[in-house]
Amino acid sequence: MAERARQKAGEVDARVAAGEAGSLAGTILAVKDLIVMKGGRVTCGSRILADFVSPYDATVVERLEAQDAVIIAKTNMDEFAMGSSNENSHFGAVRNPHDRQRVPGGSSGGSCAAVAAGMVTAALGSDTGGSIRQPAAFCGVVGLKPTYGRVSRYGLVAFASSFDQIGPIAQTVQDAGDLFRAMAGHDPKDSTSAQLAVPVLDEHSGEKIKGLRIGLPKEYFADGLAADIRTAIDQLVARLAADGAEIVDVSLPHTEYAIAAYYIITTAEASSNLARYDGARYGYRAEQSDSLEEMYVRSRSEGFGEEVKRRIMLGTYVLSAGYYDAYYRKAQQVRTLVRRDFEQAFTVCDCLLTPTTPTTAFKLGEKTADPLNMYLSDVYTVSVNLAGLPAMSVPCGVDSANLPLGVQIIGNAFDETTVLKLGRHIEQSRVER
Ligand code: GLN
């Protein structure tokens, strides 16, 4: 986005000189390549959109530029945001800046790697089942997924529309909060965006966490959690208790069904959303087909990668007559149960604290042959999207191999303020100690 960035930077310079700079003047941003910017390519990491140029700007782009942020680049991602390692991109894998033999996480891996490497102040990602928080944890940066409906999805290419949210990835909680507030709020162009006032700064006020009730869901500390991560979170919890927080044990009993429900409902929604890429209206078209049907089949077969095809097939299957009740309807019922688990938990605590991921960054190629194993890396993040809640991953030290790990703070619906406040406290106490 070099040309547009230079032009915007010139405008910002003039506004600074005139004493009229916006709140984000000086902020250099990158944007995940499934958020549209007028005149720029928006590939979604896919061959099918490799040359597609957007005719308009996403609402988040308009709002951030209105506050004088300068967007310098689009970032690589798993194709159509489907993945947990960024190895599913048509343009090649992204590497983790902390260890180039390892994955940065996904699907917002390019955005998180760019922030971790210091290429930009912050970046935008999208989170359908963990795609902001999981790579943020793997790359040692902050990643916030807002409440569903808090940030406009106008100009975000859809994966699973009842899950997708745009959010900030930053080096500090304060930057993430500032970007969040600049983007959030009702947008008449997105009918699912909430008509609620966006909270003003609160987490910056230095307010203490004394009396804050922090819930620890026992299902998130069970088998499969790496010992180093467990130790780091235990130490953090002890510090928070010493700082005056009240630690509460809670249970989210339907957690074990979350991955299955997530991969049924999101693939169903994706199979419908991705029907529009037919070679006729958008992107890649296979040459020399003898019939319309052959043109559709060949364009989609050649344009989509393996993981996207797998999801379209799964999604079509679970929606098909005869299987709909057994899979799709059942998964929707589970979604309700998962949401109720959280509602119950929030009657006794103000927010939840969990690990963001069961392990730190894994090696490139380690999980590509085993999709189910790859899906399990989302075990602590997908429930939040099923329930539509806000959650943030904040760096919480390193493991014995010196790889970053993240702690996840989950808030009640539309209570990003508590999430940011606790995140800020964790960040500050890490710096102080
Ligand atoms: N890794 C999850 C998946 O592959 C989450 C993706 C996302 O949040 N976009 O579906």
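Coordinate-derived values only; no laboratory data. A quick note: this is a predicted structure, and the numbers were derived from the prediction, not measured. So basically every Cβ, Gly included, is an ideal-geometry build from the backbone, and we count neighbours across all protein chains shown.
General remarks:
- Karplus-derived HN-Hα couplings along the stretch 337-353 (A = 6.51, B = -1.76, C = 1.60, θ = phi - 60°), whole Hz, x at Gly and Pro: 5, 4, 5, 5, 3, 5, 4, 4, 4, 6, 7, 10, 8, 8, 7, 10, 10
- Counting other Cβ atoms within 10 Å as a rough exposure proxy, the listed residues 212, 252 run 212, 252 from fewest neighbours to most.
- The stretch 25-177 - Kirkwood radius from inverse mean 1/r over Cα pairs (Å): 14.7 Å
- In terms of its alpha-carbon gyration tensor, the chain comes out oblate; a/c meets the 1.5 threshold, while b/c is at least as large as a/b.
- Calculated over the stretch 309-433: convex hull of Cα atoms, volume per residue (Å³): 132 Å³
- Phi to ³J(HN,Hα) by Karplus 6.51 cos²θ - 1.76 cosθ + 1.60 over the stretch 211-218, Hz, x for Gly, Pro: x, 5, 8, 9, x, 10, x, 5
- Arranged from fewest to most other beta-carbon atoms within 10 Å of their beta carbon, 264, 28 become 28, 264.
- Among the lysines of the chain, pairs that are 8 or more positions apart or on different chains and have alpha carbons within less than 15 Å of each other number 7.
- Residue order, fewest to most surrounding Cβ atoms within 10 angstrom, among 139, 351, 112, 44: 351, 44, 139, 112
- Fraction in percent of alpha-carbon pairs per bin - 10 Å, the stretch 29-100: 21, 45, 29, 5
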